[in-house]
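Right, one structure below, let's go through it.
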Amino acid sequence: MQIAEHLYLVGSETFGLSHLLDCNCYLIDYGGGLALVDTGLGLGTDSILKNIRGHGFDPSALSHIVLTHTHLGLWGGAPALRDATGASIWAPAAGRHWMEHVDEDKTIWQNLKFGRWPRELKPTSCTPDRVFSDNETTELGSTMLRTAVVQVH
């Protein structure tokens, strides 16, 4: 679903674009490649790749996976999508530990234990290729990204 020039919704439970537990996943065509913002839980990666193709893009042009935060529902598909495309994963520095140590994330195991997430979900640890902190800016072709990290105390 095209949202604006160079911006597409390629994964979403709300719009039935991918798995029923996926967050909204956005594709940015930045003129020199593609960036995916969030990846969903990890059970809808085939649909996300299909939707990227459906907009006329080659998934191998995906150069960046940018995660808005490190709740498994937003990054769980990152390892499979990196494997499929070779994209670099960028994540908030504060969440790196939880991505690398899924066995310590009690939220994941509670969601599995109480049936919120299906048993076939197998959370996979993931080391980001780059981490970012608050108020960093990065140019991706003609697109400028600026991070805003919110911490809850």
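The values are calculated or read from the model by the stated rules, or taken from the named source; none is laboratory data. Note that the structure is predicted; figures quoted are calculated from it, not measured. When we count neighbours, we look across all protein chains shown, and the Cβ atoms used for this are built from the backbone with ideal geometry, even at glycine. Side chains included, ligands, DNA and RNA excluded: accessible areas come from the protein's heavy atoms. Shrake-Rupley method; radii C 1.70, N 1.55, O 1.52, S 1.80 Å.
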### Task
Sort out for me the strands (runs of 3 or more DSSP E) sitting completely within the stretch 69-142 that have 3 or more residues that are closer than 18 Å to I48 by Cβ.
88-92
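Could you say which residue among S125, S18, S88 is farther than 21 Å from L145 by Cα, of a type in the set (G, A, S) and touching a Ser or Thr at 6+ places or on another chain (Cβ under 7 Å)? Even if it seems obvious, please write down each step before you answer.
Details: S125 fails: touching a Ser or Thr at 6+ places or on another chain (Cβ under 7 Å); S88 fails: farther than 21 Å from L145 by Cα.
S18 is the lone residue from the list that is farther than 21 Å from L145 by Cα, of a type in the set (G, A, S) and touching a Ser or Thr at 6+ places or on another chain (Cβ under 7 Å).
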### Query
Within the stretch 67-77, is even one residue touching a Ser or Thr at 6+ places or on another chain (Cβ under 8 Å), on the phi > 0 side of the Ramachandran plot and either of a type outside the set (V, I, T) or surrounded by 20 or more Cβ atoms within 10 Å (Cβ to Cβ) (or both)?
no
### Task
Sort through A80, A84, A93 and tell me the only one that's of a type in the set (A, V, I, L, M) and touching a Leu at 6+ places or on another chain (Cβ under 8 Å).
A84
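Restrict the check to the stretch 56-69 and report whether at least one residue is more than 22 Å from Q2 (Cα to Cα), modelled with pLDDT under 95 and not aliphatic (A, V, I, L, M). Steps first, please.
So in the stretch 56-69, the residues more than 22 Å from Q2 (Cα to Cα) come out as 69.
Imposing the further condition that a residue be modelled with pLDDT under 95 reduces the set to 69.
From what is left, the residues that are not aliphatic (A, V, I, L, M) are 69.
The answer is yes; a qualifying residue exists.
So which residues in the stretch 7-16 are in a loop (DSSP other than H, G, I, E, B) and open to solvent by less than 40 Å² (accessible area, probe 1.4 Å)?
S12
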### Task
Mind listing whichever residues of the stretch 103-122 are open to solvent by less than 80 Å² (accessible area, probe 1.4 Å) and farther than 10 Å from T70 by Cβ?
T107, I108, N111, L112, G115, W117, P118, L121
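Determine, yes or no, whether A80 is touching a Gly at 6+ places or on another chain (Cβ under 9 Å) and open to solvent by 40 Å² or more (accessible area, probe 1.4 Å). Can you show your working first?
Details: touching a Gly at 6+ places or on another chain (Cβ under 9 Å): yes; open to solvent by 40 Å² or more (accessible area, probe 1.4 Å): yes.
It is true that A80 is touching a Gly at 6+ places or on another chain (Cβ under 9 Å) and open to solvent by 40 Å² or more (accessible area, probe 1.4 Å).
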### Count of the stretch 21-65 residues which are without any contact (Cβ under 8 Å) to a residue 12 or more places away in the chain and either in a loop (DSSP other than H, G, I, E, B) or surrounded by 23 or more Cβ atoms within 10 Å (Cβ to Cβ) (or both)
2
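Whether any residue in the stretch 134-143 is at pLDDT 95 or above and farther than 19 Å from L20 by Cα is what I want to check. Give the derivation first.
Applying the first criterion (at pLDDT 95 or above) to the stretch 134-143 yields none.
No, because not a single residue in the stretch 134-143 is at pLDDT 95 or above and farther than 19 Å from L20 by Cα.
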